[in-house]
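A short write-up of the structure that comes next.
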2 protein chains.
Amino acid sequence: MKEVFDYIDSNKDRALEALKTLVRQPSVSAKGEGLRECAELVRRMLEDLGASPKLLEAGEGINPVVVGEIKSKSNPKRTILFYNHYDVQPPEPLELWESPPFEPTVKDGKLFGRGAADDKAELVGRLKLTEAFLETCKDVPCNFKFLFEGEEEIGSIHLKDYRKKYPNAFSADSVIWEFGGIDAKERPEVTLGVKGILYVELTAKNANRDAHSSLAAFVENPAWRLVWALNSLKKGEKILIPGWYDDVRPFSKNEIELIKKWPYPEREVKKELGIKQFIGGMKGLEVKKAYVGKPTCTICGLDSGYKGPGSKTVLPKEARAKIDFRLVPDQDPNDLEKKLRAHLRKKGFSDISITYSEGERAARTSPDAPIARAAMKAASIVYERKPVVLVSSAGTGPMYLFDSPCVAIGGGYSENRAHAPNENTRIDLFVKGMKWVAETVNTFTELQK
Amino acid sequence: MKEVFDYIDSNKDRALEALKTLVRQPSVSAKGEGLRECAELVRRMLEDLGASPKLLEAGEGINPVVVGEIKSKSNPKRTILFYNHYDVQPPEPLELWESPPFEPTVKDGKLFGRGAADDKAELVGRLKLTEAFLETCKDVPCNFKFLFEGEEEIGSIHLKDYRKKYPNAFSADSVIWEFGGIDAKERPEVTLGVKGILYVELTAKNANRDAHSSLAAFVENPAWRLVWALNSLKKGEKILIPGWYDDVRPFSKNEIELIKKWPYPEREVKKELGIKQFIGGMKGLEVKKAYVGKPTCTICGLDSGYKGPGSKTVLPKEARAKIDFRLVPDQDPNDLEKKLRAHLRKKGFSDISITYSEGERAARTSPDAPIARAAMKAASIVYERKPVVLVSSAGTGPMYLFDSPCVAIGGGYSENRAHAPNENTRIDLFVKGMKWVAETVNTFTELQK
């Protein structure tokens with residue numbers, strides 16, 4: 001691997017130029033801005049690599065998925081898939097950027113720009129480490145497949161459809177996920193899974209207009225209906241919907257051991273949020289187990305009636321709540337949505353309408369999977385430190401659409417400001433991330449020989 | 001009274017001119033616009049009447065209360081007080097007015113303009129009927145006192161202070177309230193009371209910023225805290241705060257009889273709101289009893305986290321609810337606020353902060369009070385129809401600050417669009433309202449001879 005690492009080092013400026021090219025091209029999926037142009041740029045980069053790219057389509061107005069493949073001459077029976085995305089978050093608020101979001105700017109060893117980290121740095125990294133293999137070994141350690149979507153920042157809303165239409169594009173022995181890197185203490189962190197999600201909106205309606213609150217003596221108030229319906233969903237930390245926890249897979253012994261070892265910066269998180277304690281004074285292992293494996297039910301938004309200053313005596317015509325249920329293996333959002341509906345009906349809340357806006361299953365890879373062991377071993381080699389292992393991120397992604405074991409590793413760090421103004425990539429980590437992923441693929445291949 | 005009525009009839013154009021003069025002067029208390037100028041106009045009108053007016057003051061930035069008094073030569077031992085207000089609602093939305101709000105315009109027998117009904121028509125009416133007595137009888141039937149405030153449209157927020165500083169200005173044998181008139185079926189309606197109010201805002205806070213909802217596994221969600229706290233306040237139609245109903249005065253036999261007779265346009269209200277039924281299918285007497293005498297707890301507003309389109313996975317830093325409790329005699333908002341605080345504390349919601357923004361007691365006059373009997377009898381004379389009697393409006397006002405019996409009567413009608421664009425007074429009712437009030441005062445004096 002020395003030649004590969006040397007190639008990565010001596011070509012890092014070219015890699016950075018490629019990243020700048022992508023950052024310069026806005027690709028804001030939330031606004032439908034520049035997606036096709038960016039997909040075309042990515043397609044051309046794959047073409048330059050000899051990866052026979054294609055733009056997959058799933059219907060009008062849906063952003064294309066860019067795929068490519070490079071066959072291994074030495075090891076054609078194993079396939080690694082790289083999942084990344086070429087879309088980015090909106091750059092707003094613009095006034096908080098120190099340099100324009102779509103003019104990539106290098107400062108203090110960092111490249112600034114929208115997408116400079118999430119996820120264009122990782123996407124370019126995958127391409128450039130592939131180039132390193134091809135230029136030095138004239139081969140890749142196993143077959144490489146690339147799947148780059150353009151709707152990750154809006155919840156990968158059509159990736160299910162792509163999976164249905166192009167199942168082959170999703171198949172591989174293992175998958176390298178789109179994010180990863182070092183933690184706040186500069187330890188490489190191997191993440192083995194993501195939580196799932198069920199996102200719904202509950203709406204209670206009554207009159208066709210807001211009424212004077214004096215009528216509350218006999219006109220139903222949808223804000224009360226909503227409050228009572230919400231109250232029926234959760235008591236303390238327990239979700240009250242019958243059967244909600246039926247399919248929760250218990251932690252394996254191995255997972256518990258990893259969770260015990262995984263360092264969670266409780267104090268820093270509390271400080272950052274300005275809070276004195278977590279729910280019920282939770283600490284240590286309990287917090288970490290919750291982070292990794294607790295199904296949650298979160299009110300993300302409440303909206304009804306008068307919200308301005310002072311008092312207004314109004315009886316609102318409707319009330320709405322946005323709710324995010326985080327799921328764990330093996331909970332199924334479709335099944336749970338049915339349980340939610342049945343529960344509200346049974347509790348007498350048939351008047352509350354439910355809009356299902358997002359559903360994804362959780363995914364978790366065994367720490368014993370070859371790709372997981374490879375990522376850990378590679379981290380020790382590249383960073384010369386023992387990695388920390390996170391059994392599952394508390395966040396969500398479409399990992400479940402890939403049936404193979406998957407690890408999330410890369411060149412990120414905790415202050416890359418993904419989704420925020422002044423998003424950036426540390427150039428040293430950008431390079432190290434490429435090496436980590438290259439070494440992981442190499443080790444993965446070695447482990448299975 | 002024939003001479004008085006004739007005078008009112010033959011001087012109606014002069015009365016209308018006086019009303020136009022007041023309407024031309026904006027006096028928007030919500031914006032602090034034109035209040036002193038309007039108070040001065042009113043003071044001059046009182047002066048022209050010989051009512052020795054004064055502008056009472058309760059502190060800087062507080063709109064003055066204009067008072068005046070005319071002693072009766074024939075009956076100096078009885079005093080009637082007229083409570084009105086010279087401030088108006090903001091005229092917005094301006095584009096919906098068919099004529100400019102502060103340019104009084106006569107069309108189809110109506111005078112249009114902001115304040116043309118609420119409350120400048122009533123205020124001018126009181127002055128002009130006084131003039132009618134003075135010009136025809138060279139006396140008034142009993143002492144007349146006038147109390148015209150300038151903050152009614154912003155909740156009479158300083159009237160308590162005025163009452164404390166100038167108790168004498170509030171004392172009388174009976175009070176004629178600022179509104180009244182005929183119902184949708186053109187029946188004169190005598191209103192004998194108003195509900196009280198306790199308006200609070202509940203706020204739950206936790207972190208110093210919104211967090212990613214993945215942290216919900218152990219970071220407290222103020223939106224849940226608020227929902228649970230609200231849920232503890234009310235179940236179905238029952239307010240659960242201990243002692244809430246302790247001071248509720250039961251209906252007297254007389255009141256029940258009046259409520260039975262009072263016609264409430266259930267069908268029209270449902271149609272107007274676009275609803276099929278009232279809470280629990282309530283009908284008839286039950287609805288009317290609730291309108292008049294049920295203490296309510298209304299969520300007027302809910303606000304937390306993300307309220308835009310689609311889904312955002314956010315753990316809100318705070319959640320707020322605005323709550324309007326309507327009160328009935330003899331509930332005390334100060335006492336109830338304490339009970340609310342104690343209840344939330346006892347239920348474990350000490351983290352919820354309570355902001356008290358408005359408190360007024362209810363007020364109700366006995367149908368046997370001379371002023372009530374006088375208003376009913378006068379209605380029959382002036383309108384040649386038996387009046388309907390409303391034991392209490394479901395709305396609120398500072399009636400409780402006047403310790404004397406009080407009736408709400410006047411020249412209004414159900415389509416006067418008070419608080420809305422194209423506010424107007426029907427000129428025929430403006431005249432009839434003056435006669436009704438004049439006849440009421442006359443009858444009140446007669447009854448007590």
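The values are calculated or read from the model by the stated rules, or taken from the named source; none is laboratory data. What you see is a predicted model, and the numbers here were worked out from it, not measured in a lab. FYI the Cβ positions are ideal-geometry reconstructions off the backbone, even for glycines, and counts take in every protein chain you see.
All conditions in (1) surrounded by fewer than 16 Cβ atoms within 10 Å (Cβ to Cβ); (2) touching a Leu at 6+ places or on another chain (Cβ under 9 Å) hold for B:Leu258, with the sole exception of (1). Identify the residue in region B:153-190 that is within 14 Å of chain A (Cβ to nearest Cβ) and touching a helix residue (DSSP H, G or I) at 6+ places or on another chain (Cβ under 9 Å) and, among all such residues, is farthest from B:Cys297 (Cα to Cα). Among those that are within 14 Å of chain A (Cβ to nearest Cβ) and touching a helix residue (DSSP H, G or I) at 6+ places or on another chain (Cβ under 9 Å), it is B:Phe179. Considering A:Leu19, A:Leu96, the condition of being touching a residue at least 24 places away in the same chain (Cβ under 8 Å), within 25 Å of the chain's Cα centre (by Cα) and buried (at least 16 other Cβ atoms within 10 Å of the Cβ) is satisfied by A:Leu19 alone.
In contact (Cβ under 8 Å) with a residue 12 or more places away in the chain and assigned to a loop (DSSP other than H, G, I, E, B), is that true of A:Ile157?
yes
Among the residues of region A:194-220, those that are more than 20 Å from B:Gly196 (Cα to Cα), within 11 Å of another protein chain (Cβ to nearest Cβ) and either within 19 Å of the chain's Cα centre (by Cα) or part of a strand (DSSP E or B) (or both) comprise A:Val194, A:Lys195, A:Ile197, A:Leu198, A:Tyr199, A:Val200, A:Glu201, A:Ala204, A:Lys205. Among the residues making up region A:119-139, a single one is buried (at least 24 other Cβ atoms within 10 Å of the Cβ) and assigned to a loop (DSSP other than H, G, I, E, B): A:Asp119.
This table checks each residue for (1) over 29 Å from B:Val441 (Cα atoms); (2) surrounded by fewer than 19 Cβ atoms within 10 Å (Cβ to Cβ).
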site	(1), (2)
B:Val4	no, no
B:Asp9	no, yes
B:Arg24	yes, yes
B:Leu46	no, no
B:Ser52	no, yes
B:Ile70	no, no
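Checked against (1) more than 16 Å from B:Trp228 (Cα to Cα); (2) within 9 Å of chain B (Cβ to nearest Cβ); (3) surrounded by fewer than 21 Cβ atoms within 10 Å (Cβ to Cβ); (4) without any contact (Cβ under 8 Å) to a residue 60 or more places away in the chain, A:Tyr245 passes all but condition (2).
Residues that are within 9 Å of chain B (Cβ to nearest Cβ) and free of Cβ contacts under 8 Å to residues at least 60 places away in the same chain: which helices (runs of 4 or more DSSP H) entirely in region A:253-340 hold 1 or more of them?
Details: elements: A:253-261, A:266-273, A:284-293.
It comes to A:266-273, A:284-293.
Scanning region B:141-154 for residues that are closer than 22 Å to B:Leu56 by Cβ and either in a loop (DSSP other than H, G, I, E, B) or at pLDDT 95 or above (or both) gives B:Asn143, B:Phe144, B:Lys145, B:Phe146, B:Leu147, B:Phe148, B:Glu149, B:Gly150, B:Glu151.
Name the single residue that is surrounded by the fewest Cβ atoms within 10 Å (Cβ to Cβ) among those in region B:54-65 being in contact with a strand residue (DSSP E or B) (Cβ under 7 Å, 6 or more places away or on another chain) and of a type outside the set (A, V, I, L, M).
B:Lys54
Within region A:389-409, the set of residues being in a strand (DSSP E or B) and of a type outside the set (S, T, N, Q) comprises A:Val389, A:Leu390, A:Cys406, A:Val407, A:Ala408.
Within region B:425-434, is there a residue that is within 21 Å of B:Ala117 (Cα to Cα), of a type in the set (Phe, Trp, Tyr) and touching a residue at least 40 places away in the same chain (Cβ under 8 Å)?
yes
You will find that of A:Val314, A:Val328, the residue that is of a type in the set (A, V, I, L, M), closer than 30 Å to B:Glu153 by Cα and not assigned by TED's automatic domain parsing to the domain that holds A:His158 is A:Val314 and no other. State all residues of region B:433-449 that are surrounded by 20 or more Cβ atoms within 10 Å (Cβ to Cβ) and of a type in the set (Lys, Arg); if no residue qualifies, say none. Answer for region B:433-449, where residues must be surrounded by 20 or more Cβ atoms within 10 Å (Cβ to Cβ) and of a type in the set (Lys, Arg): just B:Lys435.
Taking every residue in region A:220-234 that is within 12 Å of A:Thr203 (Cβ to Cβ) and in contact (Cβ under 8 Å) with a residue 40 or more places away in the chain and pairing it with any residue that is in a strand (DSSP E or B) and of a type in the set (Lys, Arg), at least 6 positions away or on another chain, the pairs with Cβ-Cβ distances below 7 Å are A:Pro222/A:Lys205. When B:Pro250 is tested against (1) in contact (Cβ under 8 Å) with a residue 24 or more places away in the chain; (2) in a loop (DSSP other than H, G, I, E, B), only condition (1) is not met. Consider region A:352-388. How many of its residues are in a loop (DSSP other than H, G, I, E, B) and closer than 30 Å to A:Ala207 by Cα? Matching residues across region A:352-388 total 1. The residue that is nearest to A:Asp351 (Cα to Cα), counting only those in region B:225-242 that are in a loop (DSSP other than H, G, I, E, B) and facing chain A (nearest Cβ under 10 Å), is B:Gly236.
Any residue at all in region A:201-217 that's of a type outside the set (A, V, I, L, M), buried (at least 24 other Cβ atoms within 10 Å of the Cβ) and closer than 30 Å to B:Gly348 by Cβ?
Within region A:201-217, one or more residues are of a type outside the set (A, V, I, L, M), buried (at least 24 other Cβ atoms within 10 Å of the Cβ) and closer than 30 Å to B:Gly348 by Cβ.
Looking at region B:178-193, can you tell me whether even one residue there is assigned to a helix (DSSP H, G or I) and among the charged types (D, E, K, R)? No, because not a single residue in region B:178-193 is assigned to a helix (DSSP H, G or I) and among the charged types (D, E, K, R).
Residue check: is B:Asp351 out of contact with any Phe, Trp or Tyr (no Cβ under 9 Å at 6 or more places or on another chain), farther than 26 Å from B:Val28 by Cα and modelled with pLDDT under 95? Taking the combined requirement at face value, the residue does not satisfy it. Is there a residue being within 30 Å of A:Val292 (Cα to Cα), among the small types (Gly, Ala, Ser), in the same structural domain as B:Leu315 (by TED's automatic domain parsing) and at pLDDT 95 or above anywhere in region B:241-253? Within region B:241-253, not a single residue is within 30 Å of A:Val292 (Cα to Cα), among the small types (Gly, Ala, Ser), in the same structural domain as B:Leu315 (by TED's automatic domain parsing) and at pLDDT 95 or above. Per the conditions (1) in contact (Cβ under 8 Å) with a residue 24 or more places away in the chain; (2) within 15 Å of A:Pro101 (Cα to Cα), the sole criterion not satisfied by A:Gly34 is (1).
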